[in-house]
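Only one structure is covered here, and it is reproduced in the block below.
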């Protein structure tokens, strides 16, 4: 159960960092404070987990007709939905939401790939500490070279 909580907090943090970075790149995105950023990240995760699958199911014909590009519109709509629900989160318009949702998805994917491992544990935490661990790691790297 602890792993699930850690994984949830990591996903929430990745989403918050992605939103924060996007607010610097896209000038149409702004947060009034840290609290609105964290609530926006939480609600965006919730919207993507609950509302987005329903919308995707209801728009399957349109998604097939557009060869899947309508999924990008759905992502933008989820961003606009969250910005309308969180008081301190502002998005200037649809196109800002459209392009920022692509950026946020890509950045979240890349950061998630760096953090999460392919095994059951989301984060690899070394069990050995100190100089012994460092020496064993350096020796292992030296053997691989």
If one computes P(r) from the Cα atoms of the stretch 1-96, what percent of pairs lie at distances over 18 Å?
50 percent
Note down the nm distance, to one decimal, between modelled labels 7 Å out along Cα→Cβ at residue 6 and at residue 72.
3.7 nm
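Taken together, the values in this text are just the output of simple stated rules run on the coordinates, not laboratory data. In this text, all values refer to a predicted model and were calculated from it rather than measured experimentally. Using ideal geometry, Cβ is built from the backbone for each residue, glycine included, and neighbour counts are taken over all protein chains shown.
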